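Visitor: Okay, here's the structure, questions in a sec.
The values are calculated or read from the model by the stated rules, or taken from the named source; none is laboratory data. Computed from a predicted structure; not experimentally measured. All Cβ positions, glycine included, derive from the backbone under ideal geometry; neighbour counts span all protein chains shown.
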């Protein structure tokens, strides 16, 4: 005697939000089964009035049958697969899109069963259908298109009492192997159905799967799947220190999704670490422009900080550097603002933005950072570099009495808190 059991645990792909729709649908299927099993008979209702039979006078049953199940095992099997397939698809397609697809795939699978029942194929003449299996088969097709680079984590149990074997474990199976294997098993079982007498609706399974393939292709999920596979390769290359292959993979992602912020960030990082400094600067610049255009200011500042740490802080103009420093001040990041103002002053000492930066350096050293010695040194710098006018008059009026003698430091140069960087 030999027994082999397996069931999927999930896909090795992260999700960015809670799968609220998937959970709600699983709860709805459970509630409907409780009603079907115990509440409906108690109120005199017949759940079989909602089962789909080809040619009946209740056409809406092609939809209501999706939410009915024949047993706890039938329900639990569908809930398990929905738990595995739903969250990653919900994260990528969106809740409303996935909800619409589940309805379409469930109805399509039931109609496919209707065709097999009408023609009496595979021993299923005049047989009704219920269950979400057609919709779930369609979700498997969508996973094959969108997440073909993923792996299915499978738990298994081998029990062979006569051979003294009792083993359990977990394995990762590539999606391009797991899903076609499932389809092959469905086809084999369907062909054997007249001999085995099974009541499983293989028409609904295969019909839902075929409809899922067509829907996925129409929605561009194959193209999106190639981009996702390239992103997965890029992350793996980067983690392994293979920066130039990561550049190629991120470039492939951007060819399909030009506005993908993760891909733009990954490309800039890989270029910088791969020694392609000029290209990295242009990549950071494109990322900054996109985030700034979308008013994602916090992310834009993080992108600038990372570029600055890579020695590419000069990618921005004087006006843009002034904006970065101002935003950091508004966030209360006085040290970060001081660093940017120093960089701005070093690069553009004679421009109005650079002169204002020098004034802000003095103000931040005295106020935000609280380093009087550095403030005095920078004040001495301002006396030498600022032309006569409002900026210089303001500094003399506000800060000279508190600066104290000898605050200029060696050779009269300002004492800096941090190196200004590049």
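Visitor: Since residue 249 meets every condition but one in (1) touching a residue at least 24 places away in the same chain (Cβ under 8 Å); (2) touching a helix residue (DSSP H, G or I) at 6+ places or on another chain (Cβ under 8 Å); (3) outside the structural domain of residue 125 (by TED's automatic domain parsing), which condition does it not meet?
Guide: Going through (1) touching a residue at least 24 places away in the same chain (Cβ under 8 Å); (2) touching a helix residue (DSSP H, G or I) at 6+ places or on another chain (Cβ under 8 Å); (3) outside the structural domain of residue 125 (by TED's automatic domain parsing) one by one, residue 249 breaks only (1).
Visitor: Before we move on, is residue 65 buried (at least 19 other Cβ atoms within 10 Å of the Cβ), modelled with pLDDT of 95 or more and in contact with a helix residue (DSSP H, G or I) (Cβ under 9 Å, 6 or more places away or on another chain)?
Guide: Yes; evaluated as a whole, the condition is true for this residue.
Visitor: Could you please find all residues in segment 279-295 being under 13 Å from residue 320 (Cβ atoms) and either surrounded by fewer than 16 Cβ atoms within 10 Å (Cβ to Cβ) or in contact with a strand residue (DSSP E or B) (Cβ under 7 Å, 6 or more places away or on another chain) (or both)?
Guide: Listed by number, the residues that qualify are 289, 293.
Visitor: Within segment 184-201, is even one residue under 25 Å from residue 131 (Cβ atoms), touching a residue at least 24 places away in the same chain (Cβ under 8 Å) and touching a strand residue (DSSP E or B) at 6+ places or on another chain (Cβ under 8 Å)?
Guide: Yes, some residue in segment 184-201 is under 25 Å from residue 131 (Cβ atoms), touching a residue at least 24 places away in the same chain (Cβ under 8 Å) and touching a strand residue (DSSP E or B) at 6+ places or on another chain (Cβ under 8 Å).
Visitor: Quick one: in segment 166-183, of everything that is outside any helix (DSSP H, G or I) and in contact (Cβ under 8 Å) with a residue 60 or more places away in the chain, which residue is nearest to residue 13 (Cα to Cα)?
Guide: Filtering segment 166-183 for residues outside any helix (DSSP H, G or I) gives 166-174.
Checking which are in contact (Cβ under 8 Å) with a residue 60 or more places away in the chain leaves us with 170, 172.
Numbers: 170: 16, 172: 12 Å.
Applying the filter and picking the extreme gives 172.
Visitor: Please enumerate the residues belonging to segment 102-122 that are over 22 Å from residue 33 (Cα atoms) and in contact with a helix residue (DSSP H, G or I) (Cβ under 6 Å, 6 or more places away or on another chain).
Guide: Listed by number, the residues that qualify are 112, 116, 122.
Visitor: Could you please give the count of residues in segment 30-53 that are crowded, with 19+ Cβ neighbours inside 10 Å and closer than 30 Å to residue 153 by Cβ?
Guide: Adding up the residues that qualify gives 2.
Visitor: Separate question: When residue 206 is evaluated against the numbered criteria (1) touching a helix residue (DSSP H, G or I) at 6+ places or on another chain (Cβ under 7 Å); (2) without any contact (Cβ under 8 Å) to a residue 40 or more places away in the chain; (3) not in a loop (DSSP other than H, G, I, E, B), which criterion, by number, is the only one it fails?
Guide: Residue 206 satisfies every listed condition except (2).
Visitor: Any idea which of (1) closer than 20 Å to residue 358 by Cα; (2) surrounded by 16 or more Cβ atoms within 10 Å (Cβ to Cβ) is the one residue 300 doesn't satisfy?
Guide: For residue 300, the failing item is (1).
Visitor: From the list 256, 272, pick out the single residue that is crowded, with 21+ Cβ neighbours inside 10 Å, touching a residue at least 24 places away in the same chain (Cβ under 8 Å) and in contact with a helix residue (DSSP H, G or I) (Cβ under 7 Å, 6 or more places away or on another chain).
Guide: Numbers: 256 fails: crowded, with 21+ Cβ neighbours inside 10 Å.
Just one listed residue meets the conditions, 272.
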